[in-house]
Amino acid sequence: MTNGLSREQVVNGSLLALLLAAPLIAAALDEPFYVSLATRVAILALAGVGLNLALGYGGMVSFGHAAFFGLGGYVAGIAAFHAFEESAFLTWPFTIGGSDQLLVVWTVTALVVALVALAIGAVSLRTSGVYFIMITLAFAQMIYYLAISLPTYGGEDGLSIYLRNQLPMGDSAEPLTFFFVCYGLLLLALFVSARLVASRFGAALQCARMNEVRLATLGIAPFPVKLTAFVLSAVITGIAGALFADLNGFVGPSMLSWHRSGEIMIFVILGGVGRLFGPLAGAALFILLESFVGGFTDRWQLILGAVLLAVVLFARGGLIGLLAGKLRHG
Amino acid sequence: MAEPLLELNGLSKSFGALKACDGVDLTLLPGEIHALIGPNGAGKSTLIAQVAGWLRPDAGAISLLGQPAVHLSVAARARRGLGRTFQISSLASEFSALGNVRLALQARERGAFGFWSPVRKDRRLREEALAVLARVGLEERAEVPVTTLSHGERRLLEVALALALRPKLLLLDEPMAGLGPEGTRALTAFLRTLKAEAGILLVEHDMDAVFALADRISVLVYGRIIASGPPEEIRRSAAVREAYLGDAA
């Protein structure tokens, strides 16, 4: 296996090719529903890639990533709302208006999510294990209730995005174009993750997961390493949230709910914790089950539960582990 | 007298009513092996935890290389030049031996910084890591995951990790534990060559190794140092015999 591609690389490449082929074929057959389905997979996979950085590589079991996903969604929604109304988000001390530009939305999402994640992480990372899970959940619930209590932005009903935020070139309202945008960002996030994990920072992060005592003893304080990873992870998930709101033309508190945190976690676990393409495999399987089994029965989550159980009990490397074999470490 | 690498002054730590560490004074000079012995429950672990930075003492001072260190974190003390090994091997278990040493080397250079270049492709880092592994005789086992290393090999890897930091002083917590007579002899010989490079505070239960290696021995009983001096003096001390060597013999 020293020459050519490893089995995992082949599996990863096939997944990417499949995800690219599906909407192209669907568009050719004039089936826009499947284009939108593939877009969902790409976006949710992106959210999972974000969580995987914290959970898979850093061992930080965040049960609050919906907070970042939803924040991204609300940035997209609120920006579009003010752009549509031609009103201002803030008038004092300076004026901040809305925006219908995706690039602006993403930049603001990254900044807002990074700040919130920095605050949440700085508090949460002082705990570990089950306390960390609970405290991240608690923060996410706080943001959830904050969103519900904002009548300007729809409160419990959420906020519709009447016009999808725009690209500097191309028409983002065109389903296939929007798919390419999401797919491109997924590729970018995968690439950045791969580089990060293989870098010095990645080595330190993984050591923090395996043995924090050892990391500190070598002279690297674990806290800043984990906090950095947590913030990066949140930003990726936040961008996914912004895309998700634009895809659906809607953002509501459900994007911030703990169910959503659980779902993102399921993508990662289903696909393979700490496997680069795990979230993509997991999100794809999740959406397939939801759409196709969900088409037959409302109880599709029973099947999901059984699959999840099987993965946790028998295939610790998740789907990727099943397809590509055990992870090899260097 | 040369400036001590490590100086403890009146170090005290209590857990409730238990004085695990009761006004301990201790110094480690450059080029020496200072052994710390004591029966189980004497407070050795508490003392080590305070020196390494895991426990904050209730009272007293710690200075590393002449600088006050009580307020420093574990990582900061390591960067000042404190290398240590653990009584029970504590390694990054999913990495190879090489991966572990590489991490130690990168820690010495610029910590976790470096977000883009693949660390495995850094040839200089790899060569340096192999050189460190060679010092403890593990170069052949470099690519082996830590989980498949033998107990003895893990003990040696612990020492290699401490050495990779180019420490000014070493805190070795029962390095001989579970090594067997052969391994103990080899490590004893190795530590003797090491002391010129870094002073060693050695906590060890193997009395043969302690008396063969130590320039000075301090005896800790119930959180207090009851005797401190050259090995011969300790061997002759009646108090030590009664408190410790007596029940070992």
DSSP H helices in chain A with Cα extent of 24 Å or more along the helix axis and mean Kyte-Doolittle hydropathy at least -1.0?
A:7-28, A:32-52, A:65-85, A:102-124, A:129-148, A:175-198, A:222-248
Qualifying aspartates and glutamates (Cα of each under 13 Å from Cα of B:LYS19; at least 8 residues distant if same chain):
B:ASP58
Of A:ALA47, A:ALA140, A:ALA234, the most mobile residue in a GNM of chain A (C-alpha springs, cutoff 10 Å) is A:ALA140
Which angle between 0 and 90 degrees, to the nearest 10, do you get for helix B:180-194 versus the longest principal axis of chain B when only C-alpha atoms count?
90
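If you average 1/r over every pair of different alpha-carbon atoms in segment A:244-330 and take one over that average, what Kirkwood value in Å do you get?
Final number for the Kirkwood radius of segment A:244-330 is 13.8 Å.
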Can you give the percent of C-alpha pairs in chain B whose distance is more than 23 Å?
51
Among the listed pairs B:LYS121/B:LYS195; A:LYS226/B:LYS44; A:LYS226/B:LYS195; A:LYS326/B:LYS168; B:LYS44/B:LYS168, those beyond 29 Å (Cα-Cα)
B:LYS121/B:LYS195; A:LYS226/B:LYS44; A:LYS226/B:LYS195; A:LYS326/B:LYS168
Cubic angstrom per residue, convex hull over Cα atoms of segment A:7-324
144
Can you list, bin by bin at 5 Å, the percent of alpha carbon pairs in segment A:1-157, starting at 0?
2, 8, 11, 15, 15, 15, 13, 11, 6, 3, 1, 1, 0
So, counting K/R as plus one and D/E as minus one, what does the shell of residues with Cβ under 13 Å around A:ALA45 add up to?
+1
Quick one: net charge of A:GLY282's neighbours, Cβ under 11 Å, K/R +1, D/E -1?
0
Would you calculate, for the protein assembly as shown, the mean residue ellipticity at 222 nm contributed by helices, counting each DSSP H stretch of 4 or more residues as -39,500 (n - 2.57) and dividing by all residues, to the nearest 500?
-17500 deg cm²/dmol
Tail beyond 30 Å, pair distance distribution of the protein assembly as shown (Cα, percent)
58
In a Debye calculation with equal point scatterers on the alpha-carbon sites of segment B:161-218 and no solvent, what is log10 I(q)/I(0) at q = 0.22 Å⁻¹?
-0.88
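Which sequence of A:HIS65, B:HIS71 reflects their accessible areas, 1.4 Å probe, from the largest down? Provide the component values of the computation, followed by the final result.
Details: A:HIS65 0, B:HIS71 120 Å².
The ranking, largest first, comes out as B:HIS71, A:HIS65.
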Go ahead and set up a Gaussian network model of chain B, Cα springs under 10 Å, then flag whichever of B:PHE15, B:PHE190, B:PHE115 fluctuates most.
B:PHE115
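Residues with beta-carbon under 13 Å from that of B:GLU197, excluding B:GLU197: net charge, scoring Lys, Arg +1 and Asp, Glu -1?
Summing Lys/Arg as +1 and Asp/Glu as -1 gives +4.
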Run the 1.4 Å probe and let me know the accessible area of B:HIS205, rounded to the nearest 10 Å².
70
Could you check what % of the DSSP bridge pairs in the protein assembly as shown are antiparallel, to the nearest 5?
55
Give the value in nm², to one decimal: projected area of the alpha carbon convex hull of segment A:179-318, averaged over all directions.
9.9
Could you please put B:LYS121, B:LYS195, A:LYS226 in sequence from largest to smallest accessible area, using a 1.4 Å probe?
B:LYS121, B:LYS195, A:LYS226
Between segment A:171-225 and segment B:85-158, how many Å separate their Cα centres?
22
Got a number for the accessible area of A:ILE25? Probe 1.4 Å, square angstrom, nearest 10.
100
Please report, in cubic angstrom per residue, the volume enclosed by the convex hull of the alpha-carbon atoms of segment B:91-166.
81
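Heavy atoms only, 1.4 Å probe, whole protein assembly: order A:ILE303, B:ILE88 by accessible area, highest first. If you can, show how the numbers build up before the last one.
On the way: A:ILE303 80, B:ILE88 135 Å².
Accessible-area ranking of A:ILE303, B:ILE88, largest first: B:ILE88, A:ILE303.
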At 1.4 Å probe size, with no ligands or nucleic acids counted, give the accessible surface of A:LEU285 in Å², nearest ten.
40
Given bins 5 angstrom wide, list per bin the percent of all Cα-Cα distances in segment B:77-123, short to long.
5, 16, 25, 28, 16, 9, 2, 0
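The values are calculated or read from the model by the stated rules, or taken from the named source; none is laboratory data. Just so you know, these numbers come straight off a predicted model, no measurement behind them. With ideal geometry, Cβ positions are generated from the backbone for all residues, glycine too; neighbour counts draw on all protein chains shown. Accessible surface areas use protein heavy atoms only, side chains included; no ligands, DNA or RNA. Shrake-Rupley method; radii C 1.70, N 1.55, O 1.52, S 1.80 Å.
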